[in-house]
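Read through the structure below, which is laid out as structure tokens, and then see the notes.
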Amino acid sequence: MEYIQLRNGLMMPQVGLGTWQITDKELMKAIIAQAYAVGYQLIDTAAAYCNEIAIAKAITENKIPRQKLFISDKVWNTNRGYDAVQEACKKSLKKLKTDYLDLYLIHWPASMKLYENWSEMNAETWRGIERLYKDGYVKSIGVCNFKIHHLEDLKNSAEIMPMVNQLEFHPGIIQSELLIYCRNNLIAVEASSPLGNGKILSNAQMVSIANKKEKSTAQISLRWAIQKGLIVIPKTCKTKRLKHNISVFDFQLSDEEMKLIDAIPYCGGLGIDADEVIEFG
């Protein structure tokens, strides 16, 4: 495993287990057991995934030491605000049966198209997260799906800027300006969907590079993001793919191969725009 050092010095594993859409407790137990066995430490969840209890049960029943894991969670849109985010975090801690989170994120920014006071909403939620950090409930803090204008606006009130920005990033969707901005502002970028919606795996350019490297297209996609300095959290419900997804540190993509992947046009993804999405929940 390789690590990314966050601005506060915390070391975050560069490959983690995404748990979105995994809610079955027995399936979660099997996946986490296998993931830990092959070297995963980072587990990414969210209140909106409704699987925090299943994750806690899996960790307990598999007798995995808490200190060996890096657990990341997210506050949902219904719990924005200084007090609400603190209450939400403490509820998540109880569900996960842990005294602290390694990373806590705002799941979505308040949209300027939906809320006239979007800036104040984001600022107050962030102020609550800063309080959680200062009080030791979380070891690092960040956001998801924040664009440059959201981050620039946050600068007006934040005491501590986000350490991580989790966003959609994969071949076909390269948010280059945002990536450069985050690098310049010491914000680590985490790819929430490094394989998109799966269509990238059959892309002819990706298949050609994968055949040359004797790797899968999924491994090529993950390696590409890793070489760009991103953290990746591929999601899978199949234990046999876990080792496959983490086995991406034994090869290198050339500069030419990186450029070829950079040039791949849009070929499938989630494509949810934080400024356009109609808020749900």
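Here are the numbers for the structure shown:
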read-out	value
Helix-only [θ]222 nm of the chain, DSSP H runs n ≥ 4, -39500 (n - 2.57) each, per residue, nearest 500	-11500 deg cm²/dmol
Positive dipole terminus of region 30-172, leading residue within Ala54, Ala33, His149 (C-beta point charges)	Ala33
Student exercise, region 56-194 dipole from Lys, Arg, Asp, Glu Cβ charges, in Debye to nearest 20	680
Residue-wise HN-Hα coupling along region 213-219, computed from phi with Karplus coefficients 6.51, -1.76, 1.60 (Hz; x: Gly, Pro)	8, 6, 10, 8, 5, 4, 5
Rounded if a/c under 1.5, otherwise prolate or oblate - region 66-220, Cα gyration tensor axes	prolate
Per-residue ³J(HN,Hα) for region 14-22, Karplus 6.51 cos²θ - 1.76 cosθ + 1.60, θ = phi - 60°, Hz, x for Gly and Pro	7, 10, x, 9, x, 10, 4, 6, 9
Residue order for Ile160, Ile187 - accessible surface, 1.4 angstrom probe, largest first	Ile160, Ile187
Under-5 Å amide H pairs with Ile231, H placed in peptide plane, nonlocal only	Val189, Glu190, Ala191
Karplus (6.51, -1.76, 1.60) ³J(HN,Hα), θ = phi - 60°, over region 233-240, in Hz, Gly and Pro reported as x	10, x, 9, 8, 9, 10, 4, 5
Cα gyration tensor category, rounded, prolate or oblate, for region 41-142 with a/c compared to 1.5	prolate
Rough spin-label spacing in nm, given labels placed 7 Å along Cα→Cβ, for Glu26 and Ile180	5.2
Over region 147-215, equivalent-ellipsoid semi-axes from the Cα gyration tensor in Å	32, 11, 9
Cut-off under 5 Å, modelled amide H: who pairs with Leu42 long-range	Leu17, Phe70
Pairwise label distance in nanometres, Met258 with Glu279, each label 7 Å out on the Cα-Cβ vector	3.9
Electrostatic dipole magnitude of region 207-281 [Cβ: Lys, Arg +1; Asp, Glu -1; Cα centre; debye, to 20]	680
Accessible surface ranking that places the most exposed of Asp275, Asp255 first, with a 1.4 angstrom probe	Asp255, Asp275
Paramagnetic reach from Thr239 in region 1-25 [backbone N under 18 Å; point 7 Å along Cα→Cβ]	17-19, 22-25
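The values are calculated or read from the model by the stated rules, or taken from the named source; none is laboratory data. Remember, it's a predicted structure, so these values are computed and weren't measured experimentally. All Cβ positions, glycine included, derive from the backbone under ideal geometry; neighbour counts span all protein chains shown. Side chains are part of the model used for accessible areas, which takes the heavy atoms of the whole protein and leaves out ligands, DNA and RNA. Shrake-Rupley method; radii C 1.70, N 1.55, O 1.52, S 1.80 Å.
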